[in-house]
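The values are calculated or read from the model by the stated rules, or taken from the named source; none is laboratory data. On a predicted model such as this, the values are computed, not experimentally measured, just so you know. Because the Cβ atoms are built from the backbone with ideal geometry, glycine has one as well, and the counts that use them run over all protein chains shown.
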Amino acid sequence: MFDYLFSFVADHAVWILPVMIFFSRVLDVSIGTLRIVFLSRGMRLLAPLCGFFEVLIWLIAISRIMENLTSWVNYIAYAGGFAAGNFVGMYIERRLAMGFLSLMIITHNDAASLLQKFKQKHFGATLVGAQGAQGKVRVIYLIIKRKDLSLVSSILEKHQPDAFVVTNDVRNAAGGVFPSDNSGLMNWRKITGASRKGK
C-alpha cells in the first residue's frame, strides 16, 4: 500500500514525494522510540511489533530516495524527518509516562513533615539518616509511577525546594505502596510484567 502511494505521488507531483519521505521518517523514528521504551519495560509483544513497522516504513522511504538520487530535496526531507521523528517520539514517550521511577531525596532540613506529605498522598516513602559532605542529612527513598512525577515535584517545590533529588528508571521491584492501589500494596508482577510457570 505504501509503495503504491509513493509511486502515485511521484508521478503526479514532484514536491509531494519529499513530503511523503519526511512524514515516513517521522513515523518510523517515532515508532523506533516507542520500541526502545517497550524493550526497556520488558514488553515482549509490543517491541517486536513496533520493530516490524519501523523497518517496513524505513525500507519504503529509503527505496524511494535510491530511485531519485539526483534530488537533493529528498535528502533534506529524509534528514528533516529523522530529526522531527526524534522530537515526536520523545513527546509521545513523555505523554505515555509508562513504568516506574526511583527517587532519592537528600535534605539538610527536617524531613518529617515532607515524609508526612508523601504519606498523605499515599506514596510509600522510606526515611533514613546519613552523613553528607556538609554534615548530617536525611534521605527519603520513593518508588513512584512515572505519571506521578509531577505531583511529587510539586510537593518538593512547595516544602523542600532546596532538596537534592536523584531520579532513576526502575526495571524490577517487589512490593511497594502506590496511590492508585486500594490495598496499598502493588504486586511485583504488575511492576515488572513478569510471569511464572507453575511448578
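ARG138 meets each of the listed conditions (1) under 24 Å from the mean Cα position of the chain (by Cα); (2) modelled with pLDDT of 85 or more; (3) crowded, with 16+ Cβ neighbours inside 10 Å apart from (1). Of the set (1) within 22 Å of ALA163 (Cβ to Cβ); (2) surrounded by 17 or more Cβ atoms within 10 Å (Cβ to Cβ); (3) not polar (S, T, N, Q), all apply to GLY89 but (1). Checked against (1) at pLDDT below 90; (2) buried (at least 17 other Cβ atoms within 10 Å of the Cβ); (3) not basic (Lys, Arg), GLY129 passes all but a single condition, namely (2).
Please go through the range 103-126 and pick out each residue that is part of a strand (DSSP E or B) and either modelled with pLDDT under 85 or surrounded by 16 or more Cβ atoms within 10 Å (Cβ to Cβ) (or both). Matches in the range 103-126: LEU103, ILE105, ILE106, THR107, ALA125, THR126.
Count of the range 22-51 residues, restricted to those that are at pLDDT 85 or above and farther than 18 Å from ILE92 by Cβ, is 2.
Of all residues in the range 23-54, those being free of Cβ contacts under 8 Å to residues at least 24 places away in the same chain and assigned to a helix (DSSP H, G or I) number 11. With respect to the numbered conditions (1) surrounded by 18 or more Cβ atoms within 10 Å (Cβ to Cβ); (2) closer than 30 Å to HIS159 by Cβ; (3) of a type in the set (A, V, I, L, M, F, W, C), which one is the sole condition not fulfilled by ALA61? Failing condition for ALA61: (2).
Exactly one residue out of ASP162, ASP181 is out of contact with any helix residue (DSSP H, G or I) (no Cβ under 8 Å at 6 or more places or on another chain), at pLDDT below 65, in a loop (DSSP other than H, G, I, E, B) and acidic (Asp, Glu), and it is ASP181.
Considering ILE65, ILE76, the condition of being farther than 23 Å from LEU149 by Cβ, in contact with a helix residue (DSSP H, G or I) (Cβ under 9 Å, 6 or more places away or on another chain), at pLDDT 80 or above and assigned to a helix (DSSP H, G or I) is satisfied by ILE76 alone. Taking residues in the range 93-119 that are within 16 Å of SER150 (Cβ to Cβ), and partners anywhere that are acidic (Asp, Glu) and exposed (fewer than 15 other Cβ atoms within 10 Å of the Cβ), the pairs with Cβ atoms closer than 9 Å and at least 6 places apart or on different chains are GLY99/ASP169; PHE100/ASP169; LEU101/ASP169.
Do we find that VAL55 is under 12 Å from ARG25 (Cα atoms) and aliphatic (A, V, I, L, M) in this structure? Yes, satisfied.
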